[in-house]
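One structure follows; several queries about it will come next.
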Amino acid sequence: MVGNLTSEDKGDFEHFMLKEIFDEPEALRQTLNGKIKDNKIVFSEFKFEAKDVNKIFIAGCGTAYHAGLVGRKAIEELAGIPVEIDLASEFAYRKVLWQAGDLLIVISQSGETADTLAALYKAKEAGIPVMAVVNVPDSTIARLSDIVIYTQAGPEISIASTKVYLTQLLVLYLLALFFAQEKDTLPAEELKAYINKIAAIDQQVEKALAQQPTIKEIASHYHNANNAFFLGRGYDYPVAMEGALKLKETSYVHAEAYAAGELKHGPIALINDDVLVMALFSQDALVEKTIPNINEIKSRGAITIIICKESLQKYCLEYKNRIVIPDTDPLLAPLVAVVPLQLFAYYMAVFRGTEVDNPRHLTKAVTVE
Ligand code: M6R
């Protein structure tokens with residue numbers, strides 16, 4: 001029994017975490033519901049002109065922060081709005097140079113995280129509007145924010161956040177496209193193409209989920225590993241950070257994420273045949289830069305697992321441990337590339353015999369600073 005839910009609520013799944021990963025396509029459809037009308041993004045939640053926003057700050061913790069890292073890239077790339085992002089636990093202690101036209105976006109599954117609330121208060125004290133991207137209705141963060149956008153993932157029981165992360169990403173992409181539409185920063189055809197791609201993203205996630213047997217098999221071979229690195233460039237880097245967090249919290253394997261190009265600046269000294277390296281190849285324009293980094297690691301004996309987009313297979317064929325993900329626009333790839341990392345963390349935890357849904361020392365909502 002978890003909270004007041006019984007094992008029956010898991011349906012045929014052994015754990016809530018696995019059920020919630022398989023809930024992802026539906027969670028995306030629910031979050032998308034009503035947000036696209038006649039090829040336009042609609043955010044009826046907005047209480048002021050989106051085109052008057054000149055700068056965005058983002059704050060969140062853990063998985064929510066990782067969603068924000070992807071959101072920053074998308075907002076800057078699509079809407080041309082400068083974005084600063086902070087761990088909410090650090091935001092409270094730094095000088096922020098607020099200006100007219102600023103907006104703070106706080107991201108939180110529970111809506112009760114003390115550090116994220118502190119970031120919200122800081123903006124409110126400065127008279128800056130706060131937008132919350134929250135999953136739990138009527139939570140404290142939702143009640144105190146000027147604009148609330150709900151992720152419609154439904155209750156998330158497993159302490160490791162999975163489906164909510166995907167819906168946070170989706171909301172941030174939709175916001176990036178909404179700002180682009182309102183500020184007219186993209187050619188109409190390009191905007192329409194992105195809207196069509198995001199409207200069908202649930203199908204790409206379904207395809208990624210179909211890799212479950214391969215991922216389980218790989219985890220069954222390597223579950224005794226005690227150290228892991230997650231590597232990626234561009235949009236793959238924040239996804240690598242999320243993959244490392246998932247592995248740490250569910251299976252207690254020491255895991256770190258690095259930008260693929262950064263490993264050679266020191267951490268490569270740690271690579272040996274005891275280390276597991278998960279490398280992400282979803283960024284068409286960056287893959288040729290990442291390959292030499294991965295080869296260096298492979299030649300030092302690390303166990304290498306590649307998450308590779310279908311169209312980039314020619315770069316991945318030489319790797320024995322390969323997880324194929326469907327072709328997705330590089331900008332939207334985090335929504336798909338993270339799925340095998342979540343499944344990998346899940347199966348590593350299962351094979352290692354940890355308390356998958358209730359990892360030690362963790363709670364679903366962290367209400368102390
Ligand atoms: O409820 P919140 O989204 O504000 O929680 C933030 C973090 O505590 C949370 O994402 C945590 O990192 C998860 N256990 C990650 O799976």
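For segment 2-199, which whole percent of the accessible surface, found with a 1.4 angstrom probe, sits on carbon and sulfur atoms?
Details: 3830 of 7980 Å².
It is 48 percent, rounded to a whole number.
Setting aside same-chain residues fewer than 8 positions from K192, which lysines have a Cα under 17 Å from its Cα?
K35, K37, K40, K183
Just to confirm, what accessible area per residue do you get for segment 292-342 at 1.4 Å probe, in whole Å²?
Value returned for segment 292-342: 34 Å² of accessible area per residue.
Report, for the chain, the % of DSSP beta bridges that are antiparallel, rounded to 5.
Expressed as a percentage, antiparallel bridges in the chain total about 5.
Can I ask one more? Along the Cα→Cβ direction, 7 angstrom out, place labels at N39 and K124. What is the inter-label distance in nm?
In this crude label model, N39 to K124 measures out at 4.2 nm.
Also: Give me the angle, in degrees from 0 to 90, between the Cα long axis of helix 236-251 and the longest principal axis of the Cα atoms of the chain, rounded to the nearest 10.
Roughly 70 degrees, rounded to the nearest 10.
By residue number, which cysteines of the chain lack any other Cys whose Cβ falls under 4.7 Å from their Cβ?
Cysteines of the chain left without a disulfide-compatible partner: C61.
Pairs K207/K309; K246/K298; K51/K197: which are spaced more than 21 Å apart, C-alpha to C-alpha?
Violating the 21 Å Cα-Cα cut-off are K246/K298; K51/K197.
On alpha carbon coordinates alone, what is the Rg over Rh value for segment 129-251, Rh being the Kirkwood radius?
Result for segment 129-251 is an Rg/Rh of 1.02.
Using a/c under 1.5 as the rounded threshold, could you call segment 208-352 rounded, prolate or oblate? The axes a ≥ b ≥ c are square roots of the C-alpha gyration tensor eigenvalues, and prolate needs a/b larger than b/c, oblate otherwise.
On the way: a/c = 1.43, a/b = 1.08, b/c = 1.33.
Cα axes put segment 208-352 in the rounded bin.
Could you give the accessible area per residue of segment 116-184, probe 1.4 Å, as a whole number in Å²?
Numbers: 1940 Å² over 69 residues.
Roughly 28 Å² per residue, with all protein chains present.
For the pair E206 and T367, what calculated FRET efficiency results from E = 1/(1 + (r/R0)^6), where r is the Cβ-Cβ distance and R0 = 41 Å, to the nearest 0.05? Can you show the working numbers first?
Details: r = 35 Å, r/R0 = 0.86.
With a Förster radius of 41 Å, E is 0.70.
Same structure, new question: Compute the acute angle (0 to 90°) between the alpha-carbon long axis of helix 62-74 and the principal axis of greatest extent of the alpha-carbon atoms of the chain; round to the nearest 10°.
In the chain, helix 62-74 runs at an angle near 70 degrees to the longest axis.
Please work out the Kirkwood hydrodynamic radius for the chain, using every pair of different C-alpha atoms, and report it in angstroms with one decimal place. Mind dumping the intermediate values first?
Numbers: mean 1/r = 0.0481 Å⁻¹.
One decimal place: 20.8 Å for the Kirkwood radius.
Rounded to the nearest 500, what is the chain's calculated 222 nm mean residue ellipticity when only DSSP H runs of at least 4 contribute -39500 (n - 2.57) each, over all residues?
-12500 deg cm²/dmol
To the nearest 10 degrees, how steep is helix 188-199 against the longest Cα principal axis of the chain, on a 0 to 90 scale?
60 degrees
Once amide H atoms are built 1.01 Å from N in the peptide plane, which residues 5 or more positions from A257, or in another chain, come under 5 Å H to H?
Those qualifying (amide H under 5 Å, at least 5 residues apart or on another chain) are F230.
Measure off, as a whole percent, the carbon and sulfur share of the 1.4 Å-probe accessible area of segment 208-352, all protein chains present.
Working: 2570 of 5160 Å².
Taking all protein chains in place, segment 208-352 shows 50 percent carbon and sulfur surface.
Sticking with this structure for a sec: For E296 and D138 in one chain, what is 0.36 nm times their gap in residues minus the Cα-Cα distance, to one decimal in nm?
Taking E296 through D138 to full extension adds about 51.9 nm, to one decimal.
The values are calculated or read from the model by the stated rules, or taken from the named source; none is laboratory data. Treat the numbers as computed from the prediction; the structure is a model and nothing was measured. In this analysis, Cβ positions are derived from the backbone assuming ideal geometry, glycine residues included, and neighbour counts consider all displayed protein chains. These area figures cover heavy atoms from the full protein model, side chains too; ligands, DNA and RNA do not enter into them. Shrake-Rupley method; radii C 1.70, N 1.55, O 1.52, S 1.80 Å.
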